[in-house]
Amino acid sequence: MKKILVTGALGQIGSELLGKLRETYGTDNVIGTDIREAEGSHNDGPFEIVDVTNAEQLHEVANKYNIDTVMHLAALLSAKAEVYPKVAWDINMGGLVNALEVARELDLKFFTPSSIGAFGPSTPKDNTPQDTLQRPNTMYGVNKVAGELLADYYYHRFGVDTRGVRFPGLISYVAPPGGGTTDYAVEIYYEATKKKAYHSYIGEGTKMDMMYMPDALNAIIQLMESDPAKLEHRNAFNISAISAAPEDFETAIQKHIPDFKLSYDVDPVRQNIANSWPNSIDSSVASKEWGFKADYDIDRMTKEMLEKVEQKLVKQ
Ligand code: AKB
C-alpha cells in the first residue's frame, strides 16, 4: 500500500484509521473522503467530499490521486439500518459495488469490513466458526453477507485483491459510534465517568464480541500487508478480542469506580438484533492465515478508556 483512499473517513473507524495510516504511510499518501467537510486533524492531509452512492464522484477522486488501495468504510450500522432499511441497502450495497468497480477499473487493493452482524439466529452462538450458517434477519446482516460474497466475487471473477474482517463491536474514546447495536459499550464509559451510573439498552446476560479500536486498526493494516498466498478466507475473517455482556463491563468499571451502578432499560429493537448475533466468535483462522492477535482484554481496555474519557471530558 502506497497511496490509500478511505471512504467514510469521519466515521467511527475512519476517524482513527486515517491518522494511523497517515503516520504509517505518510500524510500526503492517505486521502480521506466523507459526505461532510473534515474538521481538525482530518484536514492535516488530503480530504475530499465524496458520496459513495455517486459512482462518478468516487471514480474521479480515485483517479485524481493515483491511488493503489481503497479502504471502503462508509456504511450505515445495524440499528439505524433497521429503522431505514431501504436507505441502508442503497448506501451499504450501492456504495460497496461502486467502490469495488473503482478497484476493478483501476486495479486497486481493496478492504471493507464485514461484521458479527453477518451471522443470524441459526448460527452457532458460541465460538462461532469461520465457516458456518449465515442467515441474518436484519437489513445490516443481509448487507454484510451480500458484501462478503460480492467481495469474494470480485476477487474470483476479476482478480481484485479484496480483503476483509468481521468486526465485533468497536470501542473507542475518539469518535462516537452512531446507529450500532454495540454502541452501549462505548456510552457506558462516558456515563460512568460523568454520572457513575448507566442505563443499558441491552439486557443483562447478552454477550457480544467486542474489540478496542487500536487492535482493530492494527488488524486492518496487518491483513492488508499480509502475504496474499496465505489468505484462503479473503473477505470475512472472524476477529474478536472480548466476549462481554453489560454486567462484565460493570465489573471491569467497578475496579476503578467502585460505586458505579448499572441498570437496565432495554430497547426491544437493539435487543432483538443482539439476540440474533453470536455470544463469541472464533478468530483462530485469522490468527493462522495472517497472524491476528488482540492486545487488549476487557480490563486493560477499561483502564485506558476511563483514563482517556476523563481527560477528554476535562478538556471540553
Ligand atoms: C453495530 O453494532 O452495528 C456494529 C457492528 C457490530 O457491526 N458495531
Starting at the first residue of region 163-177, write each ³J(HN,Hα) from the Karplus equation 6.51 cos²θ - 1.76 cosθ + 1.60 with θ = phi - 60°, in whole Hz, x for Gly and Pro. 9, x, 10, 9, 6, x, x, 9, 10, 7, 9, 7, 9, x, x
Taking a ≥ b ≥ c as the square roots of the Cα gyration tensor eigenvalues, with a/c under 1.5 meaning rounded and otherwise prolate when a/b beats b/c, else oblate, which class fits the chain? prolate
Ratio for region 4-168, C-alpha Rg to 2.2 N^0.38 Å, reads 1.03
Sort out for me the Cα centre separation of region 196-225 from region 153-167, rounded to whole Å. 24 Å
Against the longest alpha carbon principal axis of the chain, how many degrees, from 0 to 90 and to the nearest 10, is the axis of helix 95-106 turned? 40 degrees
Residue-normalised value, i.e. accessible area per residue, for the chain at 1.4 Å probe, in Å², stands at 43 Å²
Set of lysines with alpha-carbon distance to Lys308 below 18 Å, sequence-local pairs under 8 removed: Lys20, Lys194, Lys195, Lys196, Lys255
Counting other C-beta atoms within 10 Å, and keeping those with at most 10, which DSSP coil trypsin sites (Lys or Arg not before Pro) do you find in region 250-316? none
Amide H proximity to Met71 below 5 Å, modelled H, separation 5+ or other chain, gives Leu5, Val6, Thr7, Phe111
Share of antiparallel DSSP beta bridges in the chain, in percent to the nearest 5? 10 percent
Roughly how many whole Å is it from the C-alpha centroid of region 15-38 to that of region 109-147? 28 Å
Got a sec to turn the phi values of region 147-161 into Karplus ³J(HN,Hα) couplings, 6.51 cos²θ - 1.76 cosθ + 1.60 with θ = phi - 60°, whole Hz, x for Gly and Pro? x, 4, 5, 5, 5, 4, 4, 5, 6, 5, 7, 10, x, 6, 7
If a/c stays under 1.5 just call it rounded; otherwise compare a/b with b/c (prolate if a/b is bigger, oblate if not). Do that for region 181-259, with a ≥ b ≥ c from the square roots of the Cα gyration tensor eigenvalues. prolate
How far is helix 298-315 tilted, in degrees, relative to the longest principal axis of the Cα atoms in the chain, given as a value from 0 to 90 rounded to the nearest 10? 90 degrees
Nearest-0.05 FRET efficiency for Glu105 and Tyr25 at R0 = 25 Å, using Cβ-Cβ distance, is 0.65
Given backbone amide H placed at 1.01 Å from N, residues whose amide H is under 5 Å from that of Ala245, ignoring those fewer than 5 places away on the same chain, are Met208
Amide H contacts under 5 Å for Ser114, restricted to residues at least 5 apart in sequence or on another chain and with H modeled in the peptide plane, are Val165, Arg166, Phe167
Helix-only [θ]222 nm of the chain, DSSP H runs n ≥ 4, -39500 (n - 2.57) each, per residue, nearest 500: -13000 deg cm²/dmol
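The values are calculated or read from the model by the stated rules, or taken from the named source; none is laboratory data. These figures come from a predicted structure and were not determined experimentally. Cβ coordinates were reconstructed from backbone atoms using ideal geometry, including for glycine residues, and neighbour counts include every protein chain displayed. SASA here: full protein model, heavy atoms, side chains in, ligands and nucleic acids out. Shrake-Rupley method; radii C 1.70, N 1.55, O 1.52, S 1.80 Å.
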